[in-house]
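Here's the structure, in structure tokens; my notes come after.
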Amino acid sequence: MVELENSGELNKKSLNFIENFIENDLSEGKNDGRIQTRFPPEPNGYLHIGHAKAICLDFGVAQNYKGICNLRFDDTNPTKEDVEYVDSIQEDIQWLGFQWENIYYASDYFQQLWDFAIRLIQEGKAYIDEQSAEEIAKQKGTPTQPGAESPFRNRPIEESLELFRKMNEGVIAESAMVLRAKIDMASSNMHFRDPIMYRVITQHPHHRTGNTWKAYPMYDFAHGQSDFFEGVTHSLCTLEFEVHRPLYDYYIDLLQTSNYRPRQIEFNRLNLTYTVMSKRKMLQLVQEGEVTGWDDPRMPTLCGLRRRGYTPASIKDFINRIGYTKYDGLIDVALLENSIREELNKSAIRVSAVLHPVKLIITNYPEGEVEWLETVNNPEDESMGSRNVPFSRELFIERDDFMEEPMKKFFRLSPDKEVRLKSAYIIKCTGFKKNEKTGEIEEIYCQYDPETKSGMPQSDRKVKGTLHWVSVKHSIPAEVRLYDRLFKVEDPASEKDTDFRDLLNPNSLEVLTDCRIEPCLADVKPLDHFQFQRTGYFNVDSDSTPKHLVFNCTVKLKDSWAKNTK
RNA sequence: UGCCCUAUGGUGUAAUGGUAGCACAUCUGAUUCUGGAUCAGCCAGUCUAUGUUCGAAUCAUAGUAGGGCAACCA
């Protein structure tokens, strides 16, 4: 923890470009020195690691400058939104360790937005367009060609007012008409070509306002104004909204009555290698059963990462490391994995689990005898204490830890060779039993040296290898799930023309059914963190019987095994 | 062939006109009560050109490359 705090302070020294803007605004005395941000998710999916980046910024800025950060649900499109998402979003923000000052909904401002829209119609700055979506799109022109004006553009104000009211009465069919701002159909910024302000939605009741409203504001007509109504000073969002900013400012100009003015600043979205962050695609994975749910440990959602064993601190550490810029890059997922490995390496209790067991019999150890041997919980942190593990004549060791004919640099067990059993004795292999048909090793025999018990005066004899083990009689059978990357290509997001399911990694989940774990794991609590000897990190998923160990291994797990056995 | 944004080692990010630094990854060595840890080390960078300046990653101009913008999504 000390080191984490230090690194936080070190990072504080260099401000990101957003904090520079903020300090400038403060030094110029803008907004009476007040700092207010907001985290504005649309409740149409679960939060993912990319949202964590925005959350850390929105809440972090508020903390650093003694301001406030509100949670605002951008719920202006009832066709896509649901209370399920509203709930999960709150849960995940709090899990990350942030607390909003207030919780707001864009739908709280529907009346104010409506009144503002009426005002714009009255001022001749907005009109009702009765063309179809296709016609409007056609008239919009292209980025290189100016658009054409709608035939309804100059209709009488009273007519627009009348129709706008009807839009909200349920007597207008969806997509029959829209309210558009009258700006400039020839603007080089597409968003100024008479952007749509309101559309009619009658088929989906809103998850909060029910059937009260039939006319719903578009993002551009809701977001900036919501910021303004709430008193947001810095509206931080991702780069794709950069071209929206002039429109944001346009509406704010019309709304502004004092010196107060919210300011939109954009930063780069998080892109991770081997990771799909699109909500649409994640929803598809869930709906089509490619994963077990939004919280599947292979998903980049916060709840998925949580089940995989990520801690809030590790995610925040990762976000802290990648920073905020305007460069649209692709971050190596190894950076994220390093953050959790570093934390768990310091904080997790190390325990033993044998994933591919083979029986090891110590022929000179008395039958029926059991010794409870002390083993430290974390060699890097003595304050985490120790526990006792049972040792007996028959043990399980990792199949990979024995080689009949050892290769170069293989320092684990092979005939006539010695290794140390972690926290126990040095043993020497005296033989093995092999299934003649399959060639599989069935049992390994060895003798132990009683003088070499851990902690004893004679025990410091050097041997080249150390093995983890569990006692056959005392160990608990377990099913271990190894989760790898869900996608097998480095940048699945860029494979736009491919069905992304073709990019799925068929080995993203491996279930090992005959694993053996230490008895101390019999009643661990869900999400307790442990580190397996040698093999990685895991947390425990209590929802399943038999006990499932959700392995939070690094994705190179299998490669490394292959490498180690070469 | 419009408008907006961006460009620093393999990846990400600092340096705000004055020594190009840090992290991750890779590789090498050490180490052996697991070690995928730890320690040490190597490799590797300012997109190009011109200009301004005593001095440019930083400022200017022009190129080049990448991203965004043409939803009744956010």
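Could you say whether any residue in region A:386-395 is within 15 Å of RNA strand B (Cβ to nearest atom), within 43 Å of the chain's Cα centre (by Cα) and acidic (Asp, Glu)? No, region A:386-395 contains no residue that is within 15 Å of RNA strand B (Cβ to nearest atom), within 43 Å of the chain's Cα centre (by Cα) and acidic (Asp, Glu). Within region A:164-177, residues that are within 13 Å of residue A:118 (Cα to Cα) sit with their Cβ atoms under 7 Å from residues that are assigned to a loop (DSSP other than H, G, I, E, B) and modelled with pLDDT of 95 or more, at 6+ positions apart or across chains, in these pairs: A:166/A:172; A:167/A:177; A:167/A:214; A:168/A:213; A:168/A:214. Quick check on my filter: what residues within region A:259-310 are more than 16 Å from RNA strand B (Cβ to nearest atom), charged (D, E, K, R) and within 30 Å of residue A:233 (Cα to Cα)? A:261 - this is the single residue of region A:259-310 that is more than 16 Å from RNA strand B (Cβ to nearest atom), charged (D, E, K, R) and within 30 Å of residue A:233 (Cα to Cα).
Confirm whether residue A:473 is among the basic types (Lys, Arg), at pLDDT 90 or above and either more than 23 Å from residue A:424 (Cα to Cα) or more than 34 Å from the chain's Cα centre (by Cα) (or both).
When the stated conditions are applied, residue A:473 passes them.
Taking residue A:172 as the residue in question, decide whether it is aliphatic (A, V, I, L, M), in contact with a Phe, Trp or Tyr (Cβ under 8 Å, 6 or more places away or on another chain) and part of a loop (DSSP other than H, G, I, E, B). No; evaluated as a whole, the condition is false for this residue. For residues in region A:377-414 being assigned to a strand (DSSP E or B) and in contact with an Asp or Glu (Cβ under 7 Å, 6 or more places away or on another chain), which is nearest to residue A:518 (Cα to Cα)? It comes out as A:389.
With the structure loaded, tell me whether residue A:350 is within 10 Å of RNA strand B (Cβ to nearest atom) and either touching a Ser or Thr at 6+ places or on another chain (Cβ under 9 Å) or farther than 27 Å from residue A:17 by Cα (or both) or whether it fails that test. Answer is yes for this residue.
List the strands (runs of 3 or more DSSP E) that sit entirely inside region A:415-490 and contain at least 3 residues that are among the β-branched types (Val, Ile, Thr) and in contact (Cβ under 8 Å) with a residue 24 or more places away in the chain.
A:426-434
Only one of the numbered conditions (1) more than 10 Å from RNA strand B (Cβ to nearest atom); (2) closer than 24 Å to residue A:108 by Cα; (3) surrounded by fewer than 16 Cβ atoms within 10 Å (Cβ to Cβ) is violated by residue A:184, and that is (2). Listed conditions (1) more than 7 Å from RNA strand B (Cβ to nearest atom); (2) at pLDDT 90 or above are all met by residue A:327, apart from (1).
Scanning region A:448-470 for residues that are within 12 Å of RNA strand B (Cβ to nearest atom), touching a Ser or Thr at 6+ places or on another chain (Cβ under 8 Å) and modelled with pLDDT of 85 or more yields A:451, A:452, A:453, A:454, A:468, A:469. Take the conditions assigned to a helix (DSSP H, G or I) and more than 10 Å from RNA strand B (Cβ to nearest atom) and apply them to residue A:313. Does it pass? Judged against the criteria, residue A:313 is a match.
When residue A:350 is tested against the conditions (1) more than 28 Å from residue A:481 (Cα to Cα); (2) crowded, with 17+ Cβ neighbours inside 10 Å; (3) charged (D, E, K, R), the lone failure is (1).
Scanning region A:200-224 for residues that are within 12 Å of RNA strand B (Cβ to nearest atom), farther than 13 Å from residue A:171 by Cα and either in a strand (DSSP E or B) or charged (D, E, K, R) (or both) turns up A:206, A:216, A:217, A:220.
The values are calculated or read from the model by the stated rules, or taken from the named source; none is laboratory data. Every value quoted in this text rests on a predicted model; they were computed, and no experiment measured them. With ideal geometry, Cβ positions are generated from the backbone for all residues, glycine too; neighbour counts draw on all protein chains shown.
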